[in-house]
Every structure is written in structure tokens, then in C-alpha cells.
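Peer 1: Below you'll find the structure I mean.
The values are calculated or read from the model by the stated rules, or taken from the named source; none is laboratory data. Values in this document were obtained by computation on a predicted structure and should not be read as measured data. Using ideal geometry, Cβ is built from the backbone for each residue, glycine included, and neighbour counts are taken over all protein chains shown. What goes into the accessible areas is simple: the full protein's heavy atoms, side chains included, and nothing from ligands, DNA or RNA. Shrake-Rupley method; radii C 1.70, N 1.55, O 1.52, S 1.80 Å.
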Amino acid sequence: MRAFFEVHLRLVVTVWIILMSVLGLLYLMNYMKFDSVMSNVVSSKLDVISSSLKTSMERVDRMGIPFESADNLKDQFNHARTRASDVSAISLVNQNGELLIHSSSTQGTNVPPEVLRRALTSNEVHWSYNNDAQLYSGLQTFDSFGNLSGSIVIEYDKSALFGVYALVKLHLLEATVVIFLITALIVFL
């Protein structure tokens, strides 16, 4: 009888360890999926802003006015930045990565090199770059010959989403613990 309980206990502990591993992986995968979905939702909202700016840029280009000297275009960049409260900067860069227009709520006027690389070398017209604190989204612009002329870069501050992320983490953790406890009790019995 004692041997039966030792074998049963070892089997139960083994199943618990496997269960913890599987639930831990599910927790991580669900959180990563949520992060991806939220980034895609925000990127879609930012794509609307970049598309409207592209239309304005095309009008300026048809008139033959250089982008950096078009005051109306600069005003539209400033207005577009204020439409979404968490957009911290909108920039227009040329194909060499030089800043042509920059609208920012802070003093910084630079676009990180990894974002420039993504903006100018991406195979997608609508591109995005995501790190822990910022989400960069943009739209590549092309000249009348179809050559890449630059990109619109929108910087979104993800700190507004941190509360939502914390709440989702909490709910995922609660669900994981409840599932583990229920399953562990069933396995033990």
C-alpha cells in the first residue's frame, strides 16, 4: 500500500510539473498575442492618419512645392499629431533618412536608426516597428516614377496602454492559477 502511494505521489507531482509548464507557456503566448493584437489595432488607427497626410503630400507635390517649405503641410502634420492624444511625434523623412518635416510634443527631433531602417527598407507600404515603450507606424511615399521618396513616421507612446496591459496580465494570471488549482485537485484525487 505504501508503494502505491509513493508511485501515485510521484505521478501526481510529475503531472503537476507538466501542467505548470503548459499553463506557463499558454500564459506567455496569450500575453504576446494580446500585445500583437493591441499593436495592430493602434497601427490601424495610425494608418488612417498617415494616409490622410499622404493625400496632402500628393497635393503639395503636384504643385511642385518642396515639402520642407510647404507651411500648410507642416500645419497638417501638427494637426494630425493632436488628433490622437498618445501620438508624440509625426515626421517625414526622405529616402536618405533626413528629416524634412517634424511635428513633436517634446523637444527631440530625431527618429531612431532602427525605425529609419524599417521605414526605408520595408517591403510593406504600411509598416510598423514596436518596442517596449513606443510603437512606430508609417507609410512609405513614392515619387511619380514609383521610386521610394521617403516615409511618414508616426511615434505612438504606449504608456497609455500600460494600465490595460497590467489588467490583462492580472486576468491571465488569475485564470491560469484557477485552472491549475482545479486540474491539480482532479489529478490528485
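Residues checked against (1) more than 21 Å from residue 42 (Cα to Cα); (2) buried (at least 18 other Cβ atoms within 10 Å of the Cβ):
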| residue | (1), (2) |
| --- | --- |
| 86 | no, no |
| 94 | yes, no |
| 97 | yes, no |
| 111 | no, yes |
| 115 | no, yes |
| 124 | no, no |
| 128 | no, yes |
| 131 | no, no |
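Peer 1: Here's another thing I want to ask about it. Determine whether the range 162-176 contains at least one residue that is open to solvent by 50 Å² or more (accessible area, probe 1.4 Å) and farther than 18 Å from residue 32 by Cα.
Peer 2: No: the range 162-176 contains no residue that is open to solvent by 50 Å² or more (accessible area, probe 1.4 Å) and farther than 18 Å from residue 32 by Cα.
Peer 1: Considering only the range 119-172, how many residues are in a helix (DSSP H, G or I), modelled with pLDDT of 85 or more and either in contact with a helix residue (DSSP H, G or I) (Cβ under 9 Å, 6 or more places away or on another chain) or closer than 19 Å to residue 31 by Cα (or both)?
Peer 2: Final tally of qualifying residues: 7.
Peer 1: When the range 61-84 is examined, which residues are found to be buried (at least 17 other Cβ atoms within 10 Å of the Cβ), farther than 13 Å from residue 155 by Cα and among the aliphatic types (A, V, I, L, M)?
Peer 2: The answer is 70, 73.
Peer 1: State whether the residues of the range 47-55 include one that is among the hydroxyl-bearing types (Ser, Thr, Tyr), over 24 Å from residue 161 (Cβ atoms) and either open to solvent by less than 50 Å² (accessible area, probe 1.4 Å) or in a helix (DSSP H, G or I) (or both).
Peer 2: Scanning the range 47-55, I find at least one residue that is among the hydroxyl-bearing types (Ser, Thr, Tyr), over 24 Å from residue 161 (Cβ atoms) and either open to solvent by less than 50 Å² (accessible area, probe 1.4 Å) or in a helix (DSSP H, G or I) (or both), so the answer is yes.
Peer 1: Continuing with this model, one more query. Does residue 116 satisfy the criteria of being modelled with pLDDT of 85 or more and within 24 Å of residue 89 (Cβ to Cβ)?
Peer 2: Against the criterion (modelled with pLDDT of 85 or more and within 24 Å of residue 89 (Cβ to Cβ)), residue 116 qualifies.
Peer 1: Considering 70, 119, 89, which residue is in contact (Cβ under 8 Å) with a residue 60 or more places away in the chain and not hydroxyl-bearing (Ser, Thr, Tyr)?
Peer 2: Being in contact (Cβ under 8 Å) with a residue 60 or more places away in the chain and not hydroxyl-bearing (Ser, Thr, Tyr) holds for just one of 70, 119, 89, which is 89.
Peer 1: Out of the residues in the range 133-155 meeting the condition of being out of contact with any Gly (no Cβ under 8 Å at 6 or more places or on another chain) and hydroxyl-bearing (Ser, Thr, Tyr), tell me which one is surrounded by the most Cβ atoms within 10 Å (Cβ to Cβ).
Peer 2: So the residue we want is 137.
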